[in-house]
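What follows is one structure encoded as structure tokens, with my remarks underneath.
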Amino acid sequence: MISMEPMPSSHEWSPTILRGFVEVARSGSFTSAASTLGFTQSAISRQVLALENGVSAQLFDRLPRGVQLTEAGRRFLPHAEAVLDRLDEARRELADLSELTRGRLRVGAFATADAALVPEALAEFSRRYPGLPITLREGFTPELLDLVGGGDVDVAIVSFADVTHIDGFDLGEICLDHMRVALPAGHRLARRQMVHLAELTDEVWIAGSSRPEDTLISSCLKNGFAPKIGFVAKDWMAKQGFVAAGIGITLIPSLAESAVRSDICLVHVHPADIPPRHIYAVTANGLSRTASADAFLDILLPDGRKM
């Protein structure tokens with residue numbers, strides 16, 4: 001019988017020791033296994049001994065011309081091979097994740113960003129990494145922050161009036177979102193380049209809520225501007241339909257400018273009246289970013305900016 005010398009339990013089932021055991025079983029020799037794996041013969045011998053200690057069984061008979069599996073060794077071999085196969089498969093999957101041939105991308109965004117910014121970025125992402133699954137969730141900024149913080153989306157596109165830091169989140173500024181006023185084609189101000197809100201005091205407004213503080217115009221209420229909300233329409237296309245029909249006017253962010261119908265006119269609102277919003281890509285501070293999230297941020301953020 002061989003003498004079982006104690007070895008650290010943390011080493012008993014390491015991949016290195018299992019590979020040593022499997023190679024000895026295949027070659028029938030400590031020396032041959034050591035040569036194949038790049039170890040010394042004594043190191044392989046110690047690894048096998050540690051494994052035998054760990055399983056409380058003798059796995060090899062030591063013979064003058066090599067080694068031979070015991071019954072316990074023959075039974076243990078397929079389990080060791082299975083463990084190593086699973087570890088190899090896991091390594092391949094992790095490599096696929098880093099190389100973006102496997103994985104997923106989960107994005108959250110507010111509605112206006114989905115008009116052009118997000119679709120264009122996702123289209124470029126799909127061109128670079130075809131076949132990678134993408135999911136998109138739409139919501140308001142507070143909801144999107146909850147989704148990012150909870151690990152339910154990888155990256156969210158959010159908007160703020162003047163925020164530059166939020167505890168628990170990493171922000172990367174994508175752009176500024178300026179406000180435009182959408183006017184019927186025949187409106188008295190339709191040919192202007194820029195207007196002040198004071199010039200629109202008597203206009204009927206189409207808004208997403210009957211409460212001005214819940215609309216895009218909320219930031220200018222503190223300056224005393226009180227819009228006359230005549231109709232409530234939450235959908236962007238519905239708002240444009242009301243404007244085109246001459247029923248009223250509405251605000252449209254520059255993010256959605258490319259999706260505006262051709263029979264209405266967009267005029268810049270003076271930034272002193274409605275300051276531009278800051279559009280950010282947001283990830284959770286403290287949560288590891290996936291390779292797909294990093295790749296999407298590379299597309300979203302201008303000028304090679306990093307988060």
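Tabulated values for the structure
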{"quantity": "Relative contact order of the stretch 105-261, defined on C-alpha pairs under 8 angstrom at six or more residues apart (%)", "calculated": "27"}
{"quantity": "Directionally averaged shadow of the stretch 231-307, computed from the convex hull of its alpha-carbon atoms, nm²", "calculated": "8.0"}
{"quantity": "√(5λ) per eigenvalue of the Cα gyration tensor, the stretch 9-98, largest first, Å", "calculated": "24, 15, 12"}
{"quantity": "Signed unit charges on C-beta, dipole axis of the chain, positive-most listed residue L136, V55, V153", "calculated": "V55"}
{"quantity": "Segments 242-251, 183-192 sorted - mean Cβ within 10 Å per residue, highest first", "calculated": "242-251, 183-192"}
{"quantity": "Degrees between helix 71-98 axis and first principal axis of the chain (Cα, 0 to 90, nearest 10)", "calculated": "20"}
{"quantity": "Radius ratio Rg over Rh of the chain, counting only Cα atoms, Kirkwood formula for Rh", "calculated": "1.32"}
{"quantity": "Cα principal axis extents for the stretch 159-202, largest first, Å", "calculated": "48, 19, 14"}
{"quantity": "For peptides 159-167, 231-239, sequence by mean Cβ density within 10 Å, most packed first", "calculated": "231-239, 159-167"}
{"quantity": "Residue among L63, L49, L145 with the largest mean-square fluctuation in a Gaussian network model of the chain, springs linking Cα atoms under 10 Å", "calculated": "L63"}
{"quantity": "Straight-distance crosslink candidates among aspartates and glutamates, where the alpha carbon sits under 20 Å from K239 and sequence neighbours closer than 8 are dropped", "calculated": "D114, E138, D177, D202, E203, E213, D214, E257, D263"}
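Computed from the coordinates by the stated procedures, all read-outs in this text should not be read as laboratory data. Nothing here was measured: the structure is a model prediction, and the numbers come from that model. Methodologically, a virtual Cβ is constructed for each residue, glycine included, from the backbone with ideal geometry; neighbour enumeration extends over all protein chains shown.
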